[in-house]
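Worksheet: one structure, shown below.
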Amino acid sequence: MRSEQLLAEIGIRTAEELRRRGAVQSYVDLKRAKGHASLNLLWALAGALEPWPEGTHWREISRGEARLSLLLAVEDLELKGP
């Protein structure tokens, strides 16, 4: 899977490592390492890690209330720098 390959490139090889780093930090780290990352990956990571109701699709996260809080968290980390 492409996402797994990308995450492995930044040192995330297990679900536990992803949980420890979190969706937002993982996404920002990937953007820094690769120069870009799709927001769809952010939504998917958040969907995998957050306690959403079972069956919540990442597209629902991208359109829901969580979208703004995730984007603000990404911006905050990006402003802090590496």
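The values are calculated or read from the model by the stated rules, or taken from the named source; none is laboratory data. All values reported here derive from a predicted model rather than from experimental measurement. Cβ sites come from the backbone with ideal geometry, for glycine too, and all protein chains shown count toward neighbours. To get the accessible areas, we keep the full protein, side chains included, count just its heavy atoms, and leave off ligands, DNA and RNA. Shrake-Rupley method; radii C 1.70, N 1.55, O 1.52, S 1.80 Å.
List the longest stretch of the chain that has no exposed loop site; here a site is one of the GluC sites (Glu not before Pro) assigned by DSSP to anything other than H, G, I, E or B, with at most 12 other Cβ within 10 Å.
1-53
Starting from the residue with the highest accessible area, list H36, H57 in decreasing order, probe 1.4 Å.
On the way: H36 125, H57 80 Å².
I get H36, H57, largest accessible area first.
Taking Cα Rg over 2.2 N^0.38 Å as the quantity of interest, determine which of [x] 1.30; [y] 1.49; [z] 1.03 was computed from the displayed structure.
Checked against the structure: label [z].
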